[in-house]
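> One structure, as structure tokens, below. Some questions next.
Readers should treat all values here as calculations from the given coordinates under stated rules, not as data from a laboratory. Here the structure is a predicted model, which means the values were calculated and not measured. Cβ atoms come from the backbone with ideal geometry, glycine included; neighbour counts cover every protein chain shown.
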């Protein structure tokens, strides 16, 4: 069992390394993480008053200055740290909670499933942003509050996806075999099933991080973050507060917005890559295309193009 | 028919539970926060509020000396009577009257863009799934995925900057011009449409990709099924197969998604409205956040939740009509 399992894993890893989309995404993300960690040591002080407020890009200030006379480039770079930290932390927590609740719900079924699905569906149908706003406005502002609020409003989607995946695994033979051989439920869930959901968990993590970055920036833009810290969201908050639009100072909001978009897009690319490498239907389509004309044998993969339910 | 009725009632029951959960969250959030909610509010507004405003606030939150359960009951009772409390920022205006005028604008803007984006996205998804090796299929999905990566409101900011500020093609804000009188007359309707155009366009642009991709994926699965192969074998025209055979079935999950998307779209619309100073719920939300107007914020949460729940139920009814499998 573990032999097969390892070979699938190693095939995925080599597949992802060879996948152009995934590699592009990973390189961009690593670059931004690198900037987030080391960037603030190199740039000018992002909080210092350096030049006339709202001055356009120049040699001293490559991306101009904002309404407080602070360097926009330095602000964009130091904003990466907390934004990415909150984004990825939220991503991990959302997947953990989703796997826990969705996993239990899908594995046990019956009453437990009824109750937990109800909980999941209630959270799914509740509009996220207004709920985040009231939560964030009552709690003291800061990264901890943001993470908590984002996790509370974001876990349900993942729980639902993981639940339905768990339900299909629950009816597989290897799970029945494990139950018959007397393994404990916890062990079956954690050791037997979860590793097989790895690609789903990975893409859930990435999806949740994209959501977390977007929602966090939105909340901070509304002024619900700690506006004295420097993040991408507070950068946009100050840009809008300092009338960046009405004075035509595009350089105060374009760099931050582009950074957010590039990070989200890179994460989406990684998700496309994971999908291409691990989705049986896409694998088989690719394998058909590559191998059928030359009639080569395919190592261990059964081509599946149609859905026979 | 009995089965359908049963289904609708069950869904209605679920929405009641969801509404109750939202109400309960709304009640407990201020009370679960560290410290005493009354003390938090009063500390923030000390010296800024008149004594009668303070009293209204106390009443809104039911922060009396009653036990928690008693407070909860009187809270539920007042909500059922349509009483969401009194706004702090617009004292002594009740929250319901402030929200009701703004709600219409939000429903107009968000509903308008949601319907356009849904129809256009679904149609595009159908077409690119049909011509899967075409130019459109290799260009549109990545392009829209890239646009979708931008934060909703940020794209709106850039659009406002380019088309409103630099080119002056569109107005810089508000829902209608100063020179028209609100009412059912043609200048007002034209002005309202003109003012909604740019915010709606940005929202359509960002949400189009999602509809298109999900339609494309389901369409591809549907095109692989035997009954489509059979339809081809019968020699039916490809247009007929694409629209009447494949798309008609593939659209069903998208319909279910429609209800779910309402929540997201409304949330996104809130931020878009803020950028365009559009006098809907989002604009109010910003005012509420800025003024720390807790009753207004919670009222907005309640109305948006109820709107989303009601819309979901309507979608449930529509699905009964469109999908014969749900009414056996």
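> Grab the DSSP H runs of chain B that are 4 residues or longer, score each as -39,500 (n - 2.57), total them, divide by all residues and round the 222 nm result to the nearest 500 deg cm²/dmol.
-24500 deg cm²/dmol
> Given a Förster radius of 30 Å and the C-beta distance between residue A:258 and residue B:277 as r, what FRET efficiency does 1/(1 + (r/R0)^6) yield to the nearest 0.05?
Using R0 = 30 Å, I get an efficiency of 0.80.
> Helix B:281-290: angle to the longest alpha-carbon principal axis of chain B, degrees 0 to 90, nearest 10?
40 degrees
> Let me ask you something else. Label 7 Å along Cα→Cβ of residue A:118; segment A:156-177 residues with amide nitrogen under 20 Å?
Hits in segment A:156-177 for residue A:118 at 20 Å: A:156-157, A:159-161, A:163-164.
> If packing is taken as the mean number of other Cβ atoms within 10 Å per residue, what is the order of B:89-99, A:215-225, B:134-144, highest first?
Descending mean neighbour count gives A:215-225, B:89-99, B:134-144.
> Now a separate question. Hey, what angle do you get for helix B:95-130 against the long axis of chain B, alpha-carbon based, 0 to 90 degrees rounded to 10?
20 degrees
> Once you average over the residues of B:152-158, how many Cβ atoms of partner chains fall within 10 Å of each Cβ?
6
> Please give the calculated 222 nm ellipticity per residue for chain A, where each DSSP H segment of at least 4 residues contributes -39500 (n - 2.57) and the sum is spread over every residue; nearest 500 deg cm²/dmol?
Mean residue ellipticity, 222 nm, calculated: -23500 deg cm²/dmol.
> Between the helical axis of A:110-125 and the dominant principal axis of chain A, each derived from Cα atoms, what acute angle in degrees is found, rounded to the nearest 10?
30 degrees
> Another one. Starting from the Kirkwood radius over alpha-carbon pairs of the protein assembly as shown, derive D by Stokes-Einstein at 25 °C in a medium of 0.890 mPa s and give it in µm² s⁻¹.
Result for D is 91 µm²/s.
> Could you give me the percent of Cα pairs per 20 Å distance bin for chain B, shortest bin first, beginning at zero and ending with the bin that holds the maximum distance?
Per 20 Å bin, starting at zero, the Cα-Cα P(r) for chain B comes out as 25, 49, 23, 3, 0 percent.
> So, in Å, what gap is there between the alpha-carbon centers of segment A:237-265 and segment B:135-151?
22 Å
> Could you compute the FRET efficiency for residue B:115 and residue B:17, with r as their C-beta to C-beta distance and R0 at 22 Å, rounded to 0.05?
Approximately 0.20, to the nearest 0.05.
> What distance in nm lies between label points placed 7 Å from Cα along the C-beta direction at residue B:165 and residue B:2?
6.5 nm
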